[in-house]
Amino acid sequence: MDAIIYKAARIVYFLNIRIKRFFHRRIFHSQTSMFVFILAFTFSVGLIGLSGAGFSIQKATVSSAVLTLALFFILFSIGVFKESKRMQENELCSFFHFSRSNMNGIKLQQLGFLESDRDKLNLLLNNQQPNSKIDFLLISDNRMAADYKKLFRILHLLIEGGIVHFKKAQKEKLFRLIESTFTLNGSEVNRASLNSRFSEWVNEKETEFSENLEPFRKILKR
């Protein structure tokens, strides 16, 4: 008896594995295959159920087709909504909330931007990705390279709540936003420099931090 139970259990076990693999490889591997499976299943169940309830084949087929079509539109609408939401969530610009909606009235040269980049900056402040990168031109005091910390200060004032207390996940999104949106004095952003300059910036002494922030605060208040 034990041997029969063992063999039956093995058969059920292997059948279960094969069924799971079939569903995973043939049905659940893409949204389209899941979509088709659900619709086909709905049509089949509807047809069998209505036929068993006494409907003629013709009426059962038409009714099942109508039910399946209605389900198609429901699933399609849900799929479009979810994909749209996923795309919006993955859009880096939409992750941040900005304290300004435009740069009108601001002398961009004082912030290290070209006047020709005003429209791009306004797009960014409205959570839209500019078509081309914005060049940040303020250089460090002791070298010709653009100053990452000055860009951090400007973004700290523009992003609601600031960026100084950003943790790992938030910093990653911020760095990706900077990489995809800005160049620094004509050069592409260097991730290693972003990390090191951010650490230097957040670890500035409180008085130094405030003093360095104040000139940009005055410009953005105009």
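Readers should treat all values here as calculations from the given coordinates under stated rules, not as data from a laboratory. The shown structure was predicted, so the numbers you read here are calculated from the model rather than taken from an experiment. Note that we place each Cβ from the backbone using ideal geometry, even for glycine, and neighbour counts take in every protein chain shown.
Taking 0.36 nm per intervening residue step and subtracting the Cα-Cα distance, what contour gain separates Ala70 from Phe209 on full extension?
44.0 nm
Would you please name the chymotrypsin sites (Phe, Trp or Tyr not before Pro) within the range 144-180 that are DSSP coil residues with at most 15 other C-beta atoms within 10 Å of their C-beta?
Passing sites in the range 144-180 do not exist.
Would you mind ranking His165, His156 so that the residue whose beta carbon has the fewest other beta carbons within 10 Å leads the list?
His165, His156
Could you pull out the pairs from Lys107/Lys149; Lys171/Lys205; Lys107/Lys167; Lys167/Lys221; Lys120/Lys171 whose alpha carbons sit more than 24 Å apart here?
Lys107/Lys167; Lys167/Lys221
Of Lys168, Lys149, how do they rank once you tally other Cβ atoms within 10 Å and put the fewest first?
Ordered by Cβ neighbours within 10 Å, fewest first: Lys168, Lys149.
Fully extended, how many nm does the chain gain between Ser199 and Glu179 (0.36 nm per residue separation, minus their Cα-Cα distance)?
Details: separation 20, 0.36 × 20 = 7.20 nm, distance 1.71 nm.
In short, 5.5 nm is gained.
Loop only by DSSP, 15 or fewer other Cβ within 10 Å of the Cβ. Give me the GluC sites (Glu not before Pro) in the range 147-190 that pass, ordered by residue number.
Glu160, Glu188
Let me know the shape class of the range 94-220, please: from the alpha-carbon gyration tensor, a ≥ b ≥ c as square roots of the eigenvalues, rounded when a/c is under 1.5, otherwise prolate if a/b is greater than b/c, or oblate. Write down the numbers at each step before the final one.
On the way: a/c = 1.23, a/b = 1.19, b/c = 1.03.
Rounded shape, in that the Cα axes give a/c under 1.5.
Which FRET efficiency, nearest 0.05, do Lys59 and Val36 yield, Cβ-Cβ r, R0 25 Å?
0.55
Within 10 Å, count the other beta carbons around each residue, average over each peptide in 132-138, 112-118, and list them highest first.
132-138, 112-118
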